[in-house]
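The values are calculated or read from the model by the stated rules, or taken from the named source; none is laboratory data. What you see is a predicted model; the values in this text were computed from it and never measured. Note: ideal-geometry Cβ built from the backbone for every residue, glycine included; neighbour counts use all protein chains shown.
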Amino acid sequence: MDELCFPLLALSRLRMGTDGKGVTTLVAGAGCPLSCRYCINRRLLKEAPQKSVTAEELLESVRIDDLYFRATGGGVTFGGGESLLHAEFICRFRDMCPPEWRIAAETSLAVPREHLLAAISGVDEFIVDCKDMDPDIYRRYTGGDVRLMKENLEFLLASCGAERLLVRVPYIPDFNTAEDQERSAEALRKMGIMRLELFEYVVRPE
Ligand code: SF4
């Protein structure tokens, strides 16, 4: 088997209530197609990853919390950066880790469709940060095109069902308003998204 590696930026253990159900370990990887103005990882994303790990090596690093994962229904959450750039790696990790662990992926869905196709079999829950559903706000904030995110969201909804999707809708100071945030939430409800979380970005001075 070839050496499929993950560009590890950081690993954070024993998290609760931030990355999906139960106790989770957040595994952050390098690379992202967007350029969000308040991205807390912007500096890190531009640098070379601290290290590259195989699925076996990552499993060894996170196995220490096996009992917590099993007891709480938690597991490993891949973040970033854009986790779905590493969909193939995530699926290999899923195949190797205990089946009771829950595997989640935090994503903007600003990725080509093939990454979604690769991720579906290995990811139990997609945690989507949609930014904003308005094309102009989305472009101003991320530099990207909202159509890619919307089309990918529709595809995931049709392929996996609403239960496996949590969509987070941010209030982004200076980029959208509470009304814009609610408009985005309403558009998502109309699409059939059932699990929504509205929250506010905390903006740190650069
Ligand atoms: S999608 Fe996330 S990691 Fe990528 S630039 Fe935006 S905030 Fe940063």
Checklist entry - Out of curiosity, is Glu60 part of a helix (DSSP H, G or I) and not hydroxyl-bearing (Ser, Thr, Tyr)? => result yes
Checklist entry - Do the conditions hold for Arg63, that is, is it more than 20 Å from Gly122 (Cα to Cα), at pLDDT 95 or above and not hydroxyl-bearing (Ser, Thr, Tyr)? => result no
Checklist entry - Within the stretch 12-43, which residues are within 16 Å of the ligand (Cβ to nearest atom), surrounded by fewer than 16 Cβ atoms within 10 Å (Cβ to Cβ) and not in a loop (DSSP other than H, G, I, E, B)? => result Ser12, Arg42, Arg43
Next on the checklist: Looking only at the stretch 152-206, filter to residues that are part of a loop (DSSP other than H, G, I, E, B) and among the basic types (Lys, Arg); which one of those is surrounded by the most Cβ atoms within 10 Å (Cβ to Cβ)?
Outcome noted: Arg195
Checklist entry - Within the bounds of the stretch 55-77, is there any residue that is within 16 Å of the ligand (Cβ to nearest atom), within 30 Å of Asp174 (Cα to Cα) and not aromatic (Phe, Trp, Tyr)? => result yes
Item to check | Leading residue by the ranking (farthest from Arg195 (Cα to Cα)) among those in the stretch 116-172 that are touching a residue at least 12 places away in the same chain (Cβ under 8 Å) and of a type in the set (Phe, Trp, Tyr) | outcome: Tyr141
